[in-house]
Amino acid sequence: MMTSTRHTLEGTWILDKTRSDWSMTPYLQTMEVDPLAIEAHEKGDLEADTFHTIHFLPGNRVQLIKRSRVNNDLVIDLELGMEQVEHLSPGQRPKTMIATADRARSFLEIQSTLQTMSNGTASVRDVKRLQHENGAVVLIQELTITNERTGASHSLQRTFLPYYDTPPHLVVEETEELHT
């Protein structure tokens, strides 16, 4: 296991559930998600680790891979400074995103606008930045959502630790290798 200090956001990070307000429940409530779906999401988050992998790619691109019990390797690939539109299920709801990063790759911000479950509009600001704590480096995620229709807003801060091993969901089992 490699344990060198990170100087950029590049790499895999694991959510530290021992500190910060890591629960996505208030975020999902602001999005007007069904309470039963929120309960299932919370249960899944309690049972499984959450990983964020960040890659800065050639062509001024950034790729984020989010893995949790709910997100099975959700991949977001954005060109920095360029607005991108994708369509989400159900109903092909439009989601616009624009990402910016600093030259040192120690700060990444993604601004998004998407439809809520009740056909309103929500604005999301997702900031990821490196922070030094007691000689170690952590990733701090500051997530703010505002429901434009209801005026409800919620902010949360989550702490991620560097993860140097291959995330468990990407480990290929020997039996799988034999069958491919």
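Assuming 1.567 mPa s and 4 °C, estimate D for region 33-108 with Stokes-Einstein, Rh taken as the Kirkwood radius over Cα pairs, in µm²/s. Spell out each step's value before the answer.
Numbers: Rh = 14.3 Å.
In µm²/s, the coefficient rounds to 90.
Tell me the trypsin sites (Lys or Arg not before Pro) within region 71-131 that lie in a loop according to DSSP and have at most 13 other beta-carbon atoms within 10 Å.
Numbers: sites: Lys95, Arg103, Arg105, Arg125, Lys128, Arg129; in loops: Arg103, Arg105.
Filter output for region 71-131: Arg103.
Please arrange Trp13, Trp22 by how many other C-beta atoms lie within 10 Å of their C-beta, fewest to most.
Taking fewest neighbouring Cβ atoms as first place, the list is Trp22, Trp13.
For region 127-139, take each phi angle, set θ = phi - 60°, evaluate the Karplus expression 6.51 cos²θ - 1.76 cosθ + 1.60, and give the result in whole Hz per residue in order, putting x for glycine and proline.
Couplings: 10, 10, 8, 7, 9, 8, 9, 6, x, 10, 10, 10, 9 Hz.
Please compute the net charge surrounding His87, taking Lys and Arg as +1 and Asp and Glu as -1 over other residues with Cβ under 14 Å from its Cβ.
+1
Please enumerate, by chain and number, the lysines with C-alpha under 20 Å from the C-alpha of Lys43, excluding those fewer than 8 residues away in the same chain.
Lys17, Lys66
Bear in mind that the values in this text are calculations on the coordinates, not laboratory data. Note that the structure is a prediction, hence the values are computed from the model and not measured. Quick reminder, even Gly has a Cβ in these numbers, built from the backbone with ideal geometry, and neighbours come from all protein chains shown.
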